[in-house]
Amino acid sequence: DLSFTEGRVDFQNVCFSYTAGTEILSEVSFTVMPGQTVALVGPSGSGKSTIIRLLFRFYDVQGGCILIDGQDISKVRQNSLRSYIGVVPQDTVLFNDNIRENIRYGRISASDQEVEEAAVAADIHHKILSLPDGYNTEVGERGLKLSGGEKQRVAIARTILKSPRIILLDEATSALDSQTERNIQASLAKVCANHTTLVVAHRLSTIISSDQILVLQDARIAERGRHEEL
Ligand code: ATP
Ligand code: MG
């Protein structure tokens, strides 16, 4: 199978629709260089999350191609692609197991201590300790109730633990208090420093700190550049 090394992402003339006749992406092209952070912004429904889903291959493109380190992802086994990428979705769904395993997910060799360090970095450790069974608290239909932001921090902890070369972050639209936001940004900056990051950004602080901003509008990238250029 193919293997990745650097973490460069290329969208080349990518076209995509969910249903015939409604084009969501029309010949979208951009590059994220290894180690860069690129912010995707644009109106609701403009296709930001779709770009994340395509890169993780929830769907295949209908025109053009997506390359990672020069390799067409449609020709790469899904498992190896997904082991290389960490996704923090807009709406995180936790699975039926305890909170520790929800963070450990996929990294069975990670120790309990490593799980907790990741939770500290994602600013969710104290919340977990406040739960009746701490890290052993079961997440389930009748179980744990976490807010959207808290669930997303669990997903961030999972991603920190996985430490993938490419991180896809679909920021929750729900507002976080500014202290939590600063904490998360600091830990993501730490984990993202040597990682390529594509972030759907709703927060100005995320946008300001990114290397490049892509503005999606009417199925195309309407503008691109750094914050001070736009
Ligand atoms: P938001 O800022 O609200 O999260 P977004 O830019 O992430 O918006 P997408 O989720 O990428 O938007 O959706 C782009 C368009 O595709 C929207 O019009 C949406 O309704 C449509 N869409 C998304 N998922 C599907 C799907 N599974 N089937 C059909 N249409 C979809
Ligand atoms: Mg979205």
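In region 211-230, what residues are in a loop (DSSP other than H, G, I, E, B) and under 22 Å from Pro34 (Cβ atoms)?
Asp211, Arg226
Select from region 188-208 the residues that are of a type in the set (Gly, Ala, Ser) and open to solvent by 30 Å² or more (accessible area, probe 1.4 Å) and write down the one among them that is farthest from ligand 1 (Cβ to nearest atom).
Once the filter is applied, the top-ranked residue is Ala193.
Just to be sure I understand, how many residues within region 153-177 are modelled with pLDDT under 75 and open to solvent by 60 Å² or more (accessible area, probe 1.4 Å)?
3
Could you say whether any residue in region 207-228 is within 16 Å of ligand 2 (Cβ to nearest atom), free of Cβ contacts under 8 Å to residues at least 60 places away in the same chain and either charged (D, E, K, R) or out of contact with any Gly (no Cβ under 9 Å at 6 or more places or on another chain) (or both)?
Scanning region 207-228 turns up no residue that is within 16 Å of ligand 2 (Cβ to nearest atom), free of Cβ contacts under 8 Å to residues at least 60 places away in the same chain and either charged (D, E, K, R) or out of contact with any Gly (no Cβ under 9 Å at 6 or more places or on another chain) (or both).
What number of residues within region 74-100 are away from ligand 1 (no atom under 16 Å from the Cβ) and either of a type outside the set (Val, Ile, Thr) or free of Cβ contacts under 8 Å to residues at least 60 places away in the same chain (or both)?
Counting residues in region 74-100 that are away from ligand 1 (no atom under 16 Å from the Cβ) and either of a type outside the set (Val, Ile, Thr) or free of Cβ contacts under 8 Å to residues at least 60 places away in the same chain (or both) gives 18.
Applying the selection to region 117-152, what residues are open to solvent by 60 Å² or more (accessible area, probe 1.4 Å) and not in a loop (DSSP other than H, G, I, E, B)?
Within region 117-152, Glu117, Val120, His126, Lys127, Leu129, Asn136, Glu138, Lys151 qualify.
Only one of Ser109, Ser74 is modelled with pLDDT under 95, of a type outside the set (D, E, K, R) and surrounded by fewer than 15 Cβ atoms within 10 Å (Cβ to Cβ); which?
Step by step, each of Ser109, Ser74 is checked, and only Ser109 is modelled with pLDDT under 95, of a type outside the set (D, E, K, R) and surrounded by fewer than 15 Cβ atoms within 10 Å (Cβ to Cβ).
In region 39-68, what count of residues is obtained for those that are on the phi > 0 side of the Ramachandran plot, touching a residue at least 40 places away in the same chain (Cβ under 8 Å) and either surrounded by fewer than 16 Cβ atoms within 10 Å (Cβ to Cβ) or more than 16 Å from ligand 2 (Cβ to nearest atom) (or both)?
Here the count works out to 1.
Just give me the residues in region 26-38 being surrounded by 16 or more Cβ atoms within 10 Å (Cβ to Cβ), closer than 18 Å to Gln12 by Cα and among the hydroxyl-bearing types (Ser, Thr, Tyr), in sequence order.
Ser26
Tally the residues that are modelled with pLDDT of 95 or more and open to solvent by 40 Å² or more (accessible area, probe 1.4 Å), restricting the search to region 219-230.
Residues meeting the conditions: 4.
The values are calculated or read from the model by the stated rules, or taken from the named source; none is laboratory data. Here the structure is a predicted model, which is why all the values come from computation and not from measurement. Ideal geometry is used to build each Cβ from the backbone, glycine not excepted, and the neighbour counts take in all protein chains shown. To get the accessible areas, we keep the full protein, side chains included, count just its heavy atoms, and leave off ligands, DNA and RNA. Shrake-Rupley method; radii C 1.70, N 1.55, O 1.52, S 1.80 Å.
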